[in-house]
1. Percentage of Cα-Cα pair distances in the stretch 133-210 greater than 20 Å, rounded to whole percent?
2. Determine Rg/Rh for the stretch 100-248; Rg is computed over alpha-carbon atoms and Rh is the Kirkwood hydrodynamic estimate from the same atoms.
3. Just for the Cα atoms in the stretch 184-306, what are the lengths along the principal axes, largest first, rounded to whole Å?
4. Return 208, 37 ranked ascending by Cβ neighbour count within 10 Å, so the fewest neighbours appear first.
5. How would you classify the stretch 25-66 from its alpha-carbon gyration tensor, with a ≥ b ≥ c the square roots of the eigenvalues: rounded for a/c under 1.5, else prolate if a/b is greater than b/c, otherwise oblate?
6. Which whole-angstrom value gives the distance between the alpha carbon centres of the stretch 97-164 and the stretch 240-318?
7. I need to check one value: relative contact order of the stretch 108-194, counting alpha carbon pairs closer than 8 Å and at least 6 residues apart, in percent.
8. Given the chain, what percent of its DSSP beta bridges are antiparallel, to the nearest 5?
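Since every read-out is calculated from the coordinates, none of them should be taken as a lab result. Here the structure is a predicted model, which is why all the values come from computation and not from measurement. We place every Cβ from the backbone using ideal geometry, glycine too, and count neighbours over all the protein chains shown.
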């Protein structure tokens with residue numbers, strides 16, 4: 001991989017997302033080239049050295065941060081070193097979950113699962129050992145060889161999710177990690193990067209992915225997004241970006257997530273699907289596919305949200321429709337009851353067939 005691009009200042013029109021005033025950093029991260037790049041983007045920020053990016057008392061486990069939920073995301077960054085480099089098997093959006101180059105987010109979607117692990121604050125943590133991470137990925141891809149048979153992730157390529165715990169479009173405002181990942185997968189003919197996003201970062205159009213990175217724009221009816229997708233790009237803006245990203249060499253899929261069941265949801269989803277049918281180009285439609293993911297929520301996150309955004313919980317917390325669910329990591333979440341969920345998935349697939357028949361559904365759950 002060639003030398004990383006030199007860091008560029010965060011553009012002024014992004015100031016609503018990032019007004020970084022403090023950067024907590026592990027010493028090794030501060031000493032790294034990537035860490036210095038990040039500091040150069042935010043030259044006025046106060047730097048506080050910490051022994052571990054996971055153990056920052058001012059952030060983690062500090063219940064008082066609920067009242068500063070968005071402010072922390074706006075004003076704080078963390079720099080760390082990714083210690084454990086593993087690719088975890090997956091079977092839905094990707095074949096593998098790549099080692100994270102970041103976690104946390106400057107946006108504040110009310111249903112986001114990442115804060116459940118971090119406790120009361122969830123700013124962006126940038127992992128600065130990018131060369132180790134991309135080197136690991138190259139070796140891991142080489143070990144897989146050629147994909148023997150198609151699967152629902154991709155007919156030909158091994159797919160690696162590079163943004164499980166963050167939004168790569170926003171991460172790219174903070175460091176060149178995403179640019180380095182796109183460049184890495186550009187050179188891997190048997191593999192493909194993938195990430196879901198709710199933010200339109202047009203700087204990504206210049207990265208020349210050559211079809212080796214899949215962007216999954218997350219969509220829902222704008223009436224829902226205006227309540228629960230806090231600080232994100234508006235849904236019409238995400239739709240308007242699809243054609244541009246296809247033209248720039250990305251594979252672009254659609255991520256219908258989360259699907260929130262409430263009065264009038266079917267009509268609003270039908271309108272969204274008609275908008276996609278009207279606005280997307282033939283080229284975008286020809287390569288498009290969708291994921292359908294019904295809402296999963298969490299009692300602890302519900303309690304956090306009541307402290308900073310109770311209006312969202314009117315949509316997300318529906319005990320009359322929901323049941324407990326043990327997640328893969330052992331946490332108890334809540335999801336729609338089996339019968340409610342089954343009916344919702346079936347109905348949305350019917351709406352897709354009626355209003356966007358060109359859109360292949362890769363999976364729905």
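1. Of all Cα-Cα distances in the stretch 133-210, 33 percent exceed 20 Å.
2. That ratio equals 0.97.
3. Over the stretch 184-306, Cα extents along the principal axes are 45, 35, 24 Å.
4. Placing the least packed residue first, the sequence is 208, 37.
5. Oblate, since a/c reaches 1.5 and b/c is not below a/b.
6. Taking the Cα centre of each part, the stretch 97-164 and the stretch 240-318 sit 20 Å apart.
7. Answer for the stretch 108-194 is 32 percent.
8. Bridges in the chain are about 25 percent antiparallel.
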